[in-house]
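Since the structure comes first, as structure tokens, the remarks are kept for the end.
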Protein chains: 2
Amino acid sequence: MSLTIISSIKSHGGEQRIYSHASRATRTEMVFSAFIPNHPVGQKLPVVWYLSGLTCTHANVTEKGEYRAACAELGLIFIAPDTSPRGEGVPDDLEGAYDFGLGAGFYVDATQQPYAKNYQMCTYLEAELPDLIADHLPVDMGRQAMMGHSMGGHGALTIALRNSGRFASISAFAPIVSPLACPWGQKALAGYLGDSQGAWLAYDACALIEAGQRLPDLLVDQGTADPFLETQLKTHLLVEACRAAGQEATIRMQDGYDHSYYFISTFMAEHLAWHHSRLSGVG
Amino acid sequence: MSLTIISSIKSHGGEQRIYSHASRATRTEMVFSAFIPNHPVGQKLPVVWYLSGLTCTHANVTEKGEYRAACAELGLIFIAPDTSPRGEGVPDDLEGAYDFGLGAGFYVDATQQPYAKNYQMCTYLEAELPDLIADHLPVDMGRQAMMGHSMGGHGALTIALRNSGRFASISAFAPIVSPLACPWGQKALAGYLGDSQGAWLAYDACALIEAGQRLPDLLVDQGTADPFLETQLKTHLLVEACRAAGQEATIRMQDGYDHSYYFISTFMAEHLAWHHSRLSGVG
């Protein structure tokens, strides 16, 4: 498999790149961004995955996330994938809603038509893209961390819970903690996986923790002024699931912050330093 | 005069606000952004003005400039105005080009019709907006700094040169240093001011320096991979003008950087720290 460099722009001493490639999993052309800090030739760097929220592409965090200064200082490669397959022929929400279809892949492998053909974001992120990155970028795949925002926080939590041992640390901004328990999740999982909730459990962080899966360590920041907190995000369900299961977690309510990149960028450098300390084995 | 708050979002401990107001200078509704760090009640803070480049609104630097962490740490208010009047009835470039009319006010007071009625960005930025900010925001107008990018670098330099003593420090990213000597500037100044170049001299940083105007201190960063360096920006003209006039200046060529916010954000925190040291009287 090959990667095409769409752009490579110098920033904070490193290179902010946009790549595209033909994906076997989604049967579409996929785009992602990668920040590669300046580093000695031949050295491999730890990698932080960042999964984005509803409506986003790779571009939102790449432009607004304010991660490059910290990644350059700490020597972290930062990968930002897209949130769904895109392109001609990829089916969208029937009414064009923002919370299903394009920009809303929910990090699942769809089993329902017409979505199953392209919406294979779980396989894309768990298998295809890691292989591609390992082949083409100077990454140390033995040192990976994962983070995400909102729907991407859900993605980060569930991918890490299903792939025990792969990630040194997991963090999230305003994650959807239980798709089974919120309208966004119920719509998405029903649409992609069908009405039988048994198939949903593998994509629900709280259910996975209750079923015995564990994370190495977890940091969550959630704004108290987030308009989706009560109806969709329901952070308290994650607090309760972690407490009941004995899962170590730092879940912080941040006074007055909303759901935007103004919130995310405030805590981005702190999250990256937290990941770095765990990726370095000194956490 | 009154200000309307369009939005106020918590970020880096402070408030990122968007304001609008009816402008007497431009006879339009004008929008600007202001980041106000968390600060003790009643305290007034130094203010940094940031003037943007062609095609930009207040939003570009507000979203991509990565200035909030430094402003929060240093206690600086950051003001980002728009680059032109906008709205129904405001005349644009006759062919809709990006380098004249909307998004391209060039920080001048137009004398030519049909632009003279609205394109009064010099008066707007030198008189109207400072008065408005002094009345409504917790700014110490005795401690002001100015910076800008590209066309906004031109604006920062020329406004500071014409208003001796107002600003403690001036910096720019990839500024247009001599509109008289580049196609962007020649088109804009002819369109707004007419063909007589005598009227252009007040809006040309190199000409103002040659005429004896001075800056308190100057920091410029210019990327060597900037596609506009040779044809439009011509940094060497500023170097030569400063040298000939004995104007103190630090003008740095930054290897491999382009004209984008990936470049600007790399050096933003350093510029703000430089301004802060001068605003604090310890530079």
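B:Gly101: buried (at least 18 other Cβ atoms within 10 Å of the Cβ) and within 15 Å of the chain's Cα centre (by Cα), yes or no? It is false that B:Gly101 is buried (at least 18 other Cβ atoms within 10 Å of the Cβ) and within 15 Å of the chain's Cα centre (by Cα).
Scanning region B:222-244 for residues that are within 27 Å of A:Glu15 (Cβ to Cβ) and loosely packed, with under 15 Cβ neighbours inside 10 Å turns up B:Thr224, B:Ala225, B:Pro227, B:Glu230, B:Thr231.
Can you confirm whether B:Arg17 is farther than 22 Å from B:Asp131 by Cβ and basic (Lys, Arg)? So that I can check it myself, show each step before the final result.
Details: farther than 22 Å from B:Asp131 by Cβ: no; basic (Lys, Arg): yes.
So B:Arg17 does not fit the description; no.
When restricted to residues that are in contact with an Asp or Glu (Cβ under 8 Å, 6 or more places away or on another chain) and away from chain B (no Cβ under 14 Å), region A:252-283 contains 3. Of all residues in region A:8-31, those being under 22 Å from the mean Cα position of the chain (by Cα) and either modelled with pLDDT under 95 or at negative phi (or both) number 16. The numbered conditions (1) loosely packed, with under 15 Cβ neighbours inside 10 Å; (2) in contact with a Cys (Cβ under 7 Å, 6 or more places away or on another chain); (3) β-branched (Val, Ile, Thr) are all true for B:Thr83 except (1).
The requirement of being in a helix (DSSP H, G or I), more than 14 Å from chain B (Cβ to nearest Cβ) and among the basic types (Lys, Arg) is satisfied by A:Arg243.
More than 14 Å from chain B (Cβ to nearest Cβ) and of a type in the set (Lys, Arg), is that true of A:Lys117? Here the answer is yes, as A:Lys117 does meet what is asked. Answer with yes or no whether A:Ser169 is over 17 Å from A:Val239 (Cα atoms) and among the hydroxyl-bearing types (Ser, Thr, Tyr). Judged against the criteria, A:Ser169 is a match.
The single residue among A:Ile18, A:Ile5 that is without any contact (Cβ under 8 Å) to a residue 40 or more places away in the chain, part of a strand (DSSP E or B) and of a type in the set (A, V, I, L, M) turns out to be A:Ile5. Note on region A:7-22: residues that are within 15 Å of A:Asp82 (Cα to Cα) and within 14 Å of chain B (Cβ to nearest Cβ) amount to 2.
Being of a type in the set (A, V, I, L, M, F, W, C), under 21 Å from B:Ser169 (Cβ atoms) and outside any loop (DSSP other than H, G, I, E, B): is that true of B:Leu237 here? For B:Leu237, the condition - of a type in the set (A, V, I, L, M, F, W, C), under 21 Å from B:Ser169 (Cβ atoms) and outside any loop (DSSP other than H, G, I, E, B) - is not met.
The values are calculated or read from the model by the stated rules, or taken from the named source; none is laboratory data. Fair warning: this is a prediction, and the values are worked out from it, not measured in the lab. A quick note on method: Cβ atoms are made from the backbone with ideal geometry, for glycine too, and the neighbour counts reach across all protein chains shown.
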